[in-house]
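Laboratory data are not the source of any read-out in this text; all were calculated from the coordinates shown. Just so it is clear, the structure is predicted and the values come from calculations on it, not from any experiment. Here the Cβ positions follow ideal geometry from the backbone for every residue, glycine too, while neighbour counts run over all protein chains shown.
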Amino acid sequence: MKNFKYFILFLSLILVFEITNSKDANATCTVTSGVLSETEIKNGCHHTPDSYEIVIFEMYLCTSAPTTPTTSATADLTNCSQIFNNASGATANVSQGASVDLTGTYTRPPDGSYTHGYARMDNTFGITASFEIDGSMDGQASGSGVFCRTVAGSGTHSSTATHNDESVCSSTEVAAGKYTETLTHFDGVGEDWKVQDTASNINGTSASITGILVDSNGHLAATEGEVVKLEGVVAFASAINVSPDTTSLTMSFNLGEGMSLNTAGADKIYIGSGPFQAIMEAN
């Protein structure tokens with residue numbers, strides 16, 4: 001069922017990139033001759049990353065809203081059909097305009113009208129990014145200059161702390177490394193722990209999404225230390241209709257705002273996740 005692989009990526013990207021943490025970013029960064037504005041970055045803006053990486057375990061299509069996990073029970077997916085499975089997790093590395101192929105078992109859903117999607121995925125994801133700025137800034141990890149990038153490394157965003165070592169800057173252009181972030185909290189540092197969050201009107205549509213942090217049993221995590229995976233349910237703006245005439249589902253990605261840029265004190269640059277847009281069309 002190769003044609004349905006593209007649909008799976010639609011669901012997973014909407015989930016990850018609309019609910020992952022990012023510092024405030026107000027607008028798309030202006031790019032002038034390939035160069036970003038230091039002023040805009042300090043005010044917070046979104047830009048295109050080189051690539052984004054997520055790990056997907058299971059994907060479902062649902063004919064009605066599934067019941068999300070509680071601290072004593074897993075999600076009720078009675079009205080859902082599994083369309084993808086990989087017990088070890090399939091890695092999707094997404095970049096602007098590139099196709100993605102997941103390794104796993106694909107199953108065509110029965111003909112019908114599907115109003116919701118459900119996903120189970122890792123709560124750790126990676127971002128790779130590099131860019132030039134019209135004024136010198138400092139990297140959180142090291143360096144100073146107009147060329148900034150992510151550095152190879154890893155960190156955690158929690159209710160008590162976030163990473164401060166994901167960026168480096170220099171006077172010459174250097175290849176970016178992949179920074180891997182683990183998410184255990186949906187709000188800012190110092191805020192009460194948030195285990196579940198909902199985003200509405202995604203990309204100006206009536207679609208909504210709820211992200212849930214779960215424990216090793218697939219239950220809603222009772223404490224932040226129990227979080228091991230991320231689950232989410234999408235309410236589609238329009239139902240997805242699968243019929244005998246459905247032969248393929250095509251995908252395109254808009255990664256134009258997939259990275260948030262801001263300052264982390266003084267002139268240090270913060271690089272974090274931002275919203276992607278994934279567009280799907282049934283044929």
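Data table
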quantity	calculated
Using a Förster distance of 41 Å, the FRET efficiency for residue 173-residue 65 (Cβ separation, nearest 0.05)	0.30
Aspartates and glutamates with Cα under 15 Å of residue 194, excluding same-chain neighbours fewer than 8 positions away	215, 224, 226, 231
Protection proxy ranking, peptides 160-168, 114-122, 217-225, average beta carbon neighbours within 10 Å, highest first	114-122, 160-168, 217-225
Local electrostatic count at residue 196 - Lys and Arg +1, Asp and Glu -1, tallied over other residues with Cβ under 12 Å	-2
Length released on extending from residue 91 to residue 78, taking residue separation times 0.36 nm less the Cα-Cα span	2.0 nm
Residues listed by number, segment 67-91, amide nitrogen under 19 Å from residue 246 label point at 7 Å toward C-beta	77-85
Positive minus negative residues near residue 138 (Lys, Arg vs Asp, Glu; Cβ under 9 Å)	0
Computed label-point distance, nm, for sites residue 222 and residue 165 using a 7 Å Cα→Cβ extension	3.3
Segment 62-166 - Kirkwood radius from inverse mean 1/r over Cα pairs (Å)	18.1
